[in-house]
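Below is one structure, written out as structure tokens; comments come after it.
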């Protein structure tokens, strides 16, 4: 594995971890959720699972996350999409002939979904994606908190480690530009979602999966973070097998190409 740094597409720095089993390996861009990082257990697990089957990965920190540059109160979905495109361009500059797929969770799932039409991708895998982000934020916060957010200009977002981060109101305003029902791309598409997700309802993913003819995997009893016994492993297995099929990988191989 190699720690890498590259331009975030907006004059700052992104930091990632690149894992390439061989120079001919296909690559999956891994996109973490809001307040998380490239080094979360989920992304280490996906990276390891794909590596076992000869599939390369780059797990990177979004703007204002982990080791990457940026201020959290300036974060938007547009910035996340820009980061994904910068990551794609970086990979193409180093491995121009490698096939590329993308996986994202929650915020990262939304960013991956909306970035996909502008990229040449072999496959798109989303886990508990925040596809109807603006609608979901408004519903979860309620009218009073929404007014407070607008008036103060920020709300505190508590990340997975319990750290409070200022999320600017510009994050919400930016979401108005994104309608998941207008997104189209040709790459094979899969969604994994728990039916007890407390953040983003599984019905949203089912709606988009039906509209876009995506493969849908519902993990029974799973919450947004797949905290139940064996649930995270199931989610990772779905992602790994999806990309094994996409890249036509033999389970016994050491490297390969899409057939």
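Every number in this text was worked out from the coordinates using simple rules, so none of it is lab data. Just so you know, these numbers come straight off a predicted model, no measurement behind them. A quick note on method: Cβ atoms are made from the backbone with ideal geometry, for glycine too, and the neighbour counts reach across all protein chains shown.
Quick check: residue separation of residue 3 and residue 118 times 0.36 nm, minus the Cα distance between them. What number comes out in nm? Spell out each step's value before the answer.
Numbers: separation 115, 0.36 × 115 = 41.40 nm, distance 2.61 nm.
38.8 nm is the gain from fully extending residue 3 to residue 118.
What is the calculated FRET efficiency for residue 92 to residue 216, with r their C-beta to C-beta distance and R₀ = 45 Å, to the nearest 0.05? Please report the intermediate quantities before stating the final value.
Values: r = 30 Å, r/R0 = 0.67.
It comes to 0.90.
By the beta-carbon count within 10 Å of each Cβ, the least crowded to most crowded order of 113, 60, 154, fewest first, is 154, 113, 60. Using alpha carbons only, the radius of gyration of segment 76-165 set against its Kirkwood radius gives Rg/Rh = 1.08. With equal scatterers on the alpha carbons only and no solvent term, can you work out the Debye log10 of I(q)/I(0) for segment 111-251 at 0.17, 0.19, 0.20, 0.22 1/Å? So the normalised log intensities are -1.06, -1.22, -1.28, -1.38. The alpha carbons of segment 130-184 stretch over 36, 27, 17 Å along the principal axes, in descending order. For the pair residue 179 and residue 39, a Förster radius of 45 Å applied to the C-beta separation gives a FRET efficiency near 0.90, rounded to the nearest 0.05. Within segment 11-95, the proportion of C-alpha pairs whose separation exceeds 21 Å stands at 28%.
With the Cα gyration tensor of the chain giving a ≥ b ≥ c as the square roots of its eigenvalues, does the rule (a/c under 1.5 for rounded; else a/b larger than b/c for prolate; else oblate) give rounded, prolate or oblate? Prolate shape, in that a/c is at least 1.5 and a/b is the bigger ratio.
Given labels modelled 7 Å from the Cα in the Cβ direction, how far is it in nm from residue 207 to residue 160? Here the answer is 2.7 nm between the modelled labels. Listed by Cβ neighbour count within 10 Å, with the fewest neighbours leading, 20, 141 appear as 141, 20. Among 28-34, 52-58, sorting by the average number of other beta carbon atoms lying within 10 angstrom of each residue, highest first, gives 28-34, 52-58. Neighbour counts of C-beta atoms inside 10 Å place 137, 145 in the sequence 145, 137, starting with the fewest. Beta bridges assigned by DSSP with both partners in segment 44-174 are antiparallel in approximately 55 percent of cases.
What number, rounded to the nearest 500 deg cm²/dmol, is the helix-based mean residue ellipticity at 222 nm of the chain, given -39500 (n - 2.57) per DSSP H run of at least four residues and division by all its residues? Can you show the working numbers first?
Numbers: 7 runs with 91 residues, N = 259.
So the helix-based figure for the chain works out to -11000 deg cm²/dmol.
Residues considered: 229, 164, 92. Largest GNM mean-square fluctuation over the chain, using C-alpha springs under 10 Å, is found at 229.
Rounded to the nearest 5, what is the percent of antiparallel bridges among the DSSP beta bridges in the chain? Could you put the intermediate results ahead of the total?
Numbers: 15 of 38 bridges.
The answer is about 40 percent antiparallel.
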